[in-house]
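Before any comments, here is the structure.
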Amino acid sequence: MRLPQIFHSWHKRLRRMFEKSTEGGDNATPSIQDIAGRLAEEQQRLRQLEASSMPKERTLLVLGSKCVGKSTAINKFFDREEHTTRPTLALEYSFGRRIGSGRTPQVMNVWELGSLDNADQLLEVPMRTHGLQQLAVFIMVDLSQPQRFWTDLECAYKGLRDTSQELLARMTPQLRETLEQRTLERVGQQNKEDLGTLEPLPFPVVIVGGKYDLFMTLDPSLKKAICRCLRAMAHHIGAALLFYSQKVPKLSKVLRDTISHMGFGSPSHPFRSHVTDHNEPLSIWFGTDSWSRIGDTGVQSVERIGATFGVAVPQLQLEKQKLQAPPDPAKDPGFKESLIDEMRSQKNEELATIMRDVLLRGKFESVQN
């Protein structure tokens, strides 16, 4: 039913209601309290009708290590053909839509952050645009590069934490309380004894360890250190943990189901098993791990987790990871624009001519002197 029709039917219903109430004479005239009560009932019915007819939206934010497969995972979920996957330069947006079981339209907004360098302002865009109430975040780290993944993970976490704290400070107390209650239900179901030691984010976070096919070839002691580090971090921030590789169909399907669960609410539980063995791909749902199961290190903070792992595997800082300059997007075939390319070519020729004239003038002046 369209909204104009809703208002029209509402108006007719109110008119009939008041006509019936006045048929019995002066004694049947409703009081102001009766009219206010009936108006409130009709407004409540209208709000319920609008809620059932308007699309339900959820938002996913995907960020993490470079070249870990963020775009590939998103394209696989949307069944997009990948001939050549171009690099994500800043922040890209896509969306999916489906009709739910109650014939209600569902919309999933997907934002992908290309790089963690100077990402503070970009992180605010999806979080402020859609709000924190229906937000879920995927942090993807590269398991095949243990010397850099902790730096990426810590940078992503701190960016999300700082941005969410700024937004929470502007919310009403009622909304903050709702988010806190959801977090408590998500994280504290099975590990209530650890709740006081955790610093969970106010929205669901899934840490995805990408390139598991390459991770399997690493030294067993290194794999154990990586798994313990990721489990401790996921537990501390109230996140789920999943290992993934696009070359392993089983793991690829679990990630696809997890994206669907976070974006559309189904399947109800995408993690079909609970795996904590470092020799297997980890699969740990929200609130199902504990400090006692992770190891004998006890309660840990983010700083202590990073320091412990940094002793075993020294980490590269973000600025030191730029050893190889990224390719020029202007020469990338995925960014072709005929008009812009022609203008750029013309400007390059003009610049080359100017440079030649400057060089010739300099040589001529040196000969004269």
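The values are calculated or read from the model by the stated rules, or taken from the named source; none is laboratory data. Note that the coordinates shown come from a computational prediction; the quantities given were computed from them, not determined experimentally. Every residue, glycine as well, gets a Cβ built from its backbone with ideal geometry; the counts of neighbours run over all protein chains shown. Ligands, DNA and RNA are stripped out before the accessible areas are found, and what is left, the full protein with its side chains, is counted by its heavy atoms. Shrake-Rupley method; radii C 1.70, N 1.55, O 1.52, S 1.80 Å.
Points to keep in mind about this one:
- Scanning region 332-369 for residues being among the polar types (S, T, N, Q), at pLDDT 70 or above and over 37 Å from the mean Cα position of the chain (by Cα) gives a total of 4.
Residue-wise test of (1) touching a residue at least 12 places away in the same chain (Cβ under 8 Å); (2) buried (at least 19 other Cβ atoms within 10 Å of the Cβ); (3) in contact with a Ser or Thr (Cβ under 7 Å, 6 or more places away or on another chain).
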| site | (1), (2), (3) |
| --- | --- |
| Arg97 | yes, no, no |
| Gln106 | yes, yes, no |
| Val110 | yes, yes, yes |
| Asp117 | yes, no, no |
| His130 | yes, no, yes |
| Val137 | yes, yes, no |
| Pro146 | yes, yes, no |
| Leu153 | yes, yes, no |
| Tyr157 | yes, yes, no |
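- Taking first residues from region 208-237 that are at positive phi and partners that are among the aliphatic types (A, V, I, L, M), the Cβ contacts under 6 Å between residues at least 6 apart in sequence or on separate chains come to Lys211/Leu143.
- Test for Arg80: is it loosely packed, with under 14 Cβ neighbours inside 10 Å, over 22 Å from Ala156 (Cα atoms) and at pLDDT below 80: no
- Cβ-Cβ under 6 Å pairs, at least 6 apart or on other chains, region 181-205 side at pLDDT below 85, far side among the aliphatic types (A, V, I, L, M) and outside any loop (DSSP other than H, G, I, E, B): Gly188/Leu195
- Helices (runs of 4 or more DSSP H) contained entirely in region 220-295, each with at least 2 residues that are of a type in the set (S, T, N, Q): 249-264
- Considering Gly196, Gly287, Gly263, the condition of being crowded, with 18+ Cβ neighbours inside 10 Å and more than 24 Å from Val107 (Cα to Cα) is satisfied by Gly287 alone.
- Number of the exception - Ser252 against (1) under 12 Å from Leu282 (Cα atoms); (2) hydroxyl-bearing (Ser, Thr, Tyr); (3) surrounded by fewer than 21 Cβ atoms within 10 Å (Cβ to Cβ): (1)
- Of the residues making up region 303-319, those that are assigned to a helix (DSSP H, G or I) and closer than 18 Å to Ser65 by Cβ are Ile305, Gly306, Phe309, Gly310, Leu318, Glu319.
- Of the set (1) over 23 Å from Val311 (Cβ atoms); (2) open to solvent by 10 Å² or more (accessible area, probe 1.4 Å), all apply to Arg228 but (1).
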